[in-house]
Amino acid sequence: MFNNDNMDSYQTLAERVLAGDPATASDARTILSSSDEDLLDLVAAASRLRREHFGNRVKVNYLVNLKSGLCPEDCGYCSQRLGSEADILKYSWLPKDEAKRQAEFGLAGGASRVCLVASGRGPSNRDVERVSGMVEEIKTSSPDVEVCACLGFLKDGQAQRLKDAGVDAYNHNLNTAESLYPDICTTHTFADRVDTVDKARGAGLSPCSGLIVGMGETDEQIIEAIESLKAVDSDSIPVNFLIPFDGTPLEGTWTLTPQHCLRILCAVRFLCPDRELRIAGGREMHLRTLQPLSLHVANSLFLGDYLTSEGQAAEEDLDMIVDGGFEIVGAESAERLRDELKAHRAAHQAAFAEVAPGDMKSDGTSAEAAKTASTLPCGKPLPTAGQEADDSGVMIPTIRRRGAGTELTPNV
């Protein structure tokens, strides 16, 4: 354990970890209980570990929601859960060509990994064949792309079939501490989740497993969850920040501050110094203006929108990377990519500006589609991302109404 009253203590801890002496749960406890005035010192020390293992590179990931909603599991945080009243998009499997088209949007925006996600308890063998065909199609046209599948609980042999089809990684988050898990979900166990991560690793897939914070867990349970991720040897750790969807048991839950979100990321970095650390769902709502600072700790992010909610504009993601002095994995120049994306967006808007306003919007969508995209199914207008609800301090997530499962182009 180190003494965080000493301004040099975080740097001392970083030097210790760099020398091969792992950080401990006691170290993480001190990090999570540190003061706001120590935050920049803490981030600077964590940044040394990030740069030692990943330099100034950011890995960009892109989600494609292959099948949305109607899941039989009752995970309390999820808008797609059994009994959810959240007004999300619901649709069955995307056709293979559409899955490939959606993936290509992300690749054009700088993603080097595409994450193919489907709701449900787990895939049938027919579903695995369906996804395998999608992967083979994507890799035929983009052989260098990494593909991560996230399909739920795997049965024997399914991980190997995905591996044979070209899948590189499998995502199955542990989500929270084992001690908290029964309060979050009753239709499966923490051990069930560990079993699928083990199956993925055993087939040669890179295990991608992370957590969700902001569900009422204690700092001790955050540490417990991180240590579990170390135990399953997760190569990639996405940290999600609870998106408190209306219509779910955790609606209105708001326990995180931007400063504590950064401390959590630092704790993960110190305990897992050489693992890909990704700022994932809910980062815009919870890290807010500290998002750029978080990239000095994390080395990965999701571009654009999430499964059922919207993220910030892709241009803002790329601005954050460029302005922080980072480069993008697989791209010759992050700045050039960002500028090309902005120029393409401007040209697209200019081209459609000549169409009669009643027929087409400036982004190329029909007026009717634009109206649908700006309202909830009940007809009420969509709140803007991060809008505060009734001066309560609780931010309202914006439901995704573009990209996969819609006629509108995605946020890339």
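The values are calculated or read from the model by the stated rules, or taken from the named source; none is laboratory data. Bear in mind the structure is a predicted one, so any value in this text is a computation, not a measurement. Here the Cβ positions follow ideal geometry from the backbone for every residue, glycine too, while neighbour counts run over all protein chains shown. Heads up: the accessible areas ignore ligands, DNA and RNA and are worked out on the full protein's heavy atoms, side chains in. Shrake-Rupley method; radii C 1.70, N 1.55, O 1.52, S 1.80 Å.
General observations
- Rolling a 1.4 Å probe over the heavy atoms of the protein chains gives the stretch 138-208 an accessible area of 39 Å² per residue.
- Accessible surface area normalised per residue over the stretch 1-125 is 43 Å², counting heavy atoms of protein chains with a 1.4 Å rolling probe.
- Helix 314-323 vs. the chain, principal-axis angle (Cα, 0 to 90°, nearest 10): 40 degrees
- Assuming charge only on the beta carbon of Lys and Arg (+1) and of Asp and Glu (-1), the dipole of the chain about its Cα centre is about 1060 debye to the nearest 20.
- Greater than 19 Å apart at Cα, pairs in Lys155/Lys199; Lys199/Lys230; Lys59/Lys230; Lys96/Lys139; Lys139/Lys230; Lys100/Lys139: Lys59/Lys230; Lys139/Lys230
- Given their separation in residues at 0.36 nm each and the Cα-Cα distance between them, Asp38 and Ala350 gain 107.6 nm when the chain is fully extended.
- Cα-Cα pairs of the stretch 33-126 separated by more than 22 Å (percent): 55 percent
- Across the accessible surface of the chain, with the other protein chains kept in place and a 1.4 Å probe, carbon and sulfur atoms take up 50 percent.
- Here is how the number arises for the chain: DSSP H runs of 4 or more residues each give -39500 (n - 2.57), the sum is divided by the residue count, and the result at 222 nm is -11500 deg cm²/dmol.
- Gain in span if fully extended, Asp8 to Glu227, counting 0.36 nm per residue against the direct Cα distance: 76.3 nm
- Over the stretch 196-333, relative contact order from alpha-carbon pairs under 8 Å, at least 6 apart, %: 19 percent
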